[in-house]
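The values are calculated or read from the model by the stated rules, or taken from the named source; none is laboratory data. These figures come from a predicted structure and were not determined experimentally. We place every Cβ from the backbone using ideal geometry, glycine too, and count neighbours over all the protein chains shown.
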Amino acid sequence: MVQFFGLFAAILVFILVVALTAHFRQQRNEVLERWIAMGKCGPVSSFEGTLGVEQTSPTFLRLASTEEARRLQFKYRWLSAIREQASYDEVIFDASRHLIELRHKDKLTSVPFGRFSAVRMRELSQQEAGSLWHFDLVGAEGRNVLFVSSARGDRRTMFENSAGLARAISGITSLPVQVVVSGNVWTPGWPPKSVDGY
């Protein structure tokens, strides 16, 4: 009987820890989303990743493969343990046509903004190697589209450098930005749990 209560208490403690962790992580996601909405991030030109920012205006954004971006794609694909890969050579967000164009080699896919419900930044983090951010277009009905990944580096710096891209895409497409902080890294004090913690 004592073993049963001990096991029950251990399970209860585990559930409580998981629930509290999820709660605090969600608060941090919301804080980072508000930072992006308020413009507390770097300019779109500070983004470094598997595509480079080639052309930008308030109604148009073109991300394209550069020599540096190709090196990063090669590194992620062959020299790291990153399972998901952004494989596009060019991505265009065009407000005048309400279209997103995704090009991979000779294949061009044009998708209207209305097919998506949000732009999502997902953190992939390893304490010793630093953080990187995957960018997804969240499908309104159907699968998400991973279209670019940031370079890897200091957790806060990489967020600030990458968030400007999410803000620019949101401004062009009118899609909200969702942020998902990695659960496998704990950085004391960052991200904060309130906007005032900045």
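Within the stretch 149-168, the set of residues being in contact (Cβ under 8 Å) with a residue 40 or more places away in the chain, surrounded by fewer than 22 Cβ atoms within 10 Å (Cβ to Cβ) and over 14 Å from W35 (Cα atoms) comprises just one member, A151. Do the conditions hold for F135, that is, is it part of a strand (DSSP E or B) and either in contact with an Asp or Glu (Cβ under 9 Å, 6 or more places away or on another chain) or buried (at least 23 other Cβ atoms within 10 Å of the Cβ) (or both)? It is true that F135 is part of a strand (DSSP E or B) and either in contact with an Asp or Glu (Cβ under 9 Å, 6 or more places away or on another chain) or buried (at least 23 other Cβ atoms within 10 Å of the Cβ) (or both). Residue count for the stretch 27-47 satisfying the condition of being part of a loop (DSSP other than H, G, I, E, B) and surrounded by fewer than 20 Cβ atoms within 10 Å (Cβ to Cβ): 4. In the stretch 63-77 there is at least one residue that is under 22 Å from R122 (Cβ atoms), of a type in the set (K, R) and out of contact with any Leu (no Cβ under 7 Å at 6 or more places or on another chain).
If you go through the stretch 33-66 and keep only what is among the charged types (D, E, K, R) and in contact (Cβ under 8 Å) with a residue 40 or more places away in the chain, you end up with E33, R34, K40, E48.
For the stretch 73-91, filtered to residues that are modelled with pLDDT of 90 or more and in contact with a Ser or Thr (Cβ under 9 Å, 6 or more places away or on another chain), the residue that is surrounded by the most Cβ atoms within 10 Å (Cβ to Cβ) is Y88. Of everything in the stretch 98-143, what is under 19 Å from S87 (Cα atoms) and among the charged types (D, E, K, R)? Give them in sequence order. The answer is E101, R103, K105, D106, K107, R120, R122, E123, D136, R143.
Of the residues in the stretch 67-96, how many are over 14 Å from A151 (Cα atoms), in contact (Cβ under 8 Å) with a residue 24 or more places away in the chain and among the hydroxyl-bearing types (S, T, Y)? Residues meeting the conditions: 2.
Conditions tested, residue by residue: (1) in a strand (DSSP E or B); (2) over 18 Å from the mean Cα position of the chain (by Cα).
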residue	(1), (2)
I82	no, no
R103	yes, yes
V119	yes, no
S125	yes, no
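Whenever a residue of the stretch 105-134 is of a type in the set (D, E), its partners that are buried (at least 21 other Cβ atoms within 10 Å of the Cβ), lying with C-beta atoms within less than 7 angstrom and at least six residues away or across chains, give the pairs E123/S131; E123/W133; E123/V181.
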